[in-house]
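Since every read-out is calculated from the coordinates, none of them should be taken as a lab result. This structure is a prediction, so every number in the text was calculated from the model and none was measured. Cβ sites come from the backbone with ideal geometry, for glycine too, and all protein chains shown count toward neighbours.
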Amino acid sequence: MAVILGIETSCDETAAALVTRDGEIRSNVIASQANLHARYGGVVPEVASRRHLELVTPVIREALGEAGATLDDVDTVAVTAGPGLIGALLVGVSAAKALAWARRLPLVPVDHLHGHVASLFLEPLGLEPPFTCLLASGGHTLLLDVRDRAWEGVGVLGTTLDDAAGEAFDKGARLLGLPYPGGAALDRLARNGDPEAFSFPVARVPGLDFSFSGLKTALLYAVRDLPPTELEARSADLAASYQHAIVRALVERVAEAAEQTGRDRIAVVGGVAANSALRAAFPEATAAPLALCTDNAAMIASAARYTEALVSPAYLTLDAYA
Ligand code: KG4
Ligand code: ZN
């Protein structure tokens, strides 16, 4: 078997995966540190780095085991070089360098955002460009013109001026008393609520950019204005209305972007692409498979298929970027 070993440690997931050149996933192991960071209400970078250090080798071993493979089957090592938490990234980059050097394998540095887009190129989906892509995660909100599977063939049409969409979900969840990271929990709570119960406006900024920071202030005021006895009874309505505002903002902008580029094929990727209301609001769009929305290493190995490899020893000077 000839496979690419992907390694991802940019935030709070330690992940390793084996993927074939044809984009078939042989294994995809994710060790989430979310519980470790929950009590701080967000990711603590130094805590994340230390945990990655403990987990990276066992996670790689598990990815090999799950696929029934050994290091002899790996012909390329791919790793997220950035953007992300610098200390966390360095753990993955160092592990990748050590493995590639020991086995004299080529190493592919992958941009994390390219990875999210490349989640669409894996089998059985195997989406072919061109398309307009919404990348919405905890760290980024981007509207992309995807002309090619290589990262050089992807243009940025718009981005957020303040909070990322996932960040807006997480901050809203926190105001509603949900534990970090609250996006998925807010999604579940919202299923029992009325999206029209509260009116939360989303700022419209010029061009194809987004702004979500005003929204959380609106939720803060709504929560503050409710008598504490009512807050619990209305929390599902608050969640549904808040989610509705984020989803509407995303859907509107994507429609405008598609109109501008003339590419009416639309795809959504990143952690927020797992949101049930967003998926329902975009019946015509191709959403990344649920298991590949949040951070994983299969998408990193997938992106490596369209990225130039560094041969030994050129990659020994490779650095991570925040
Ligand atoms: O892509 P990702 O794993 O990490 C980054 O690259 O940032 O995205 C994580 C983000 C978090 O903000 C999380 O709350 C959000 O995705 N998320 C969701 C859902 N599942 C994850 N947001 C809304 N609804 C969901 N179902
Ligand atoms: Zn991500």
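Across the chain, counting alpha-carbon atoms alone, Rg and Dmax equal 19.9, 65 Å.
Going by neighbour counts of Cβ atoms within 10 Å, the residues D12, D73 line up, fewest first, as D73, D12.
Relative to the compact-globule estimate of 2.2 N^0.38 Å, the Cα radius of gyration of the stretch 45-110 comes out at 1.13.
Provide, for q = 0.11, 0.19 Å⁻¹, the log10 of I(q)/I(0) from a solvent-free Debye sum over equal Cα point scatterers in the stretch 8-143. The Debye formula, applied to the Cα set alone, gives -0.42, -1.21. Summing Lys and Arg as +1 and Asp and Glu as -1 over all other residues whose Cβ lies under 12 Å from the Cβ of T294 gives a net charge of -4.
Placing +1 on each Lys and Arg Cβ and -1 on each Asp and Glu Cβ, with no other charges, gives the chain a dipole about its Cα centre of roughly 400 debye. Excluding F131 itself, calculate the net charge of residues whose Cβ lies under 12 Å from the Cβ of F131, where each Lys or Arg counts +1 and each Asp or Glu counts -1. That sum, taken over residues with Cβ under 12 Å, equals -1. Across the stretch 244-257, rounded Karplus estimates of 3J(HN,Hα) from the backbone phi angles (6.51 cos²θ - 1.76 cosθ + 1.60, θ = phi - 60°) give 4, 5, 5, 4, 4, 4, 5, 5, 4, 5, 5, 4, 5, 5 Hz, Gly and Pro being marked x. Under the simplified labelling scheme, the D264-V205 pair shows an inter-label distance of 3.0 nm, with each label point 7 Å from Cα along Cα→Cβ.
What the Cα atoms of the stretch 129-249 give is an Rg and a Dmax of 15.8, 54 Å. Comparing L220, L250, L292, which has the greatest mean-square fluctuation in the GNM of the chain with Cα pairs linked when under 10 Å apart? Sorting by GNM fluctuation, first place goes to L220.
Each of S10, G193, N35 was scored by the projection of its Cα onto the charge dipole of the chain, and the greatest displacement toward the positive side belongs to N35; charges sit on the C-beta of Lys, Arg, Asp and Glu. Neighbours of L107 by Cβ distance under 15 Å: Lys/Arg scored +1, Asp/Glu scored -1, total -1. Angle of helix 45-67 to the longest C-alpha principal axis of the chain, folded into 0 to 90 degrees and rounded to 10: 60°.
For the chain, the 222 nm mean residue ellipticity estimated from helices alone, with every DSSP H stretch of n ≥ 4 adding -39500 (n - 2.57) and the total spread over all residues, rounds to -13000 deg cm²/dmol. Compute log10 of I(q)/I(0) for the stretch 221-307 with the Debye formula, placing one identical point scatterer on every Cα and leaving out solvent, at q = 0.14, 0.22 Å⁻¹, to two decimals. The computed values of log10 I(q)/I(0) come out as -0.67, -1.06. Kirkwood hydrodynamic radius computed over the stretch 1-51 comes to 12.2 Å, based on all pairs of distinct alpha carbons.
For the stretch 299-314, the Karplus equation 6.51 cos²θ - 1.76 cosθ + 1.60, evaluated at θ = phi - 60°, returns couplings of 5, 6, 5, 5, 4, 4, 5, 10, 10, 5, 7, 9, 8, 5, x, 4 Hz by residue, with Gly and Pro reported as x. Over the stretch 77-206, the pair-distance histogram of Cα-Cα distances with 10 Å bins from zero comes to 11, 28, 33, 21, 6, 1, 0 percent, rounded to whole numbers.
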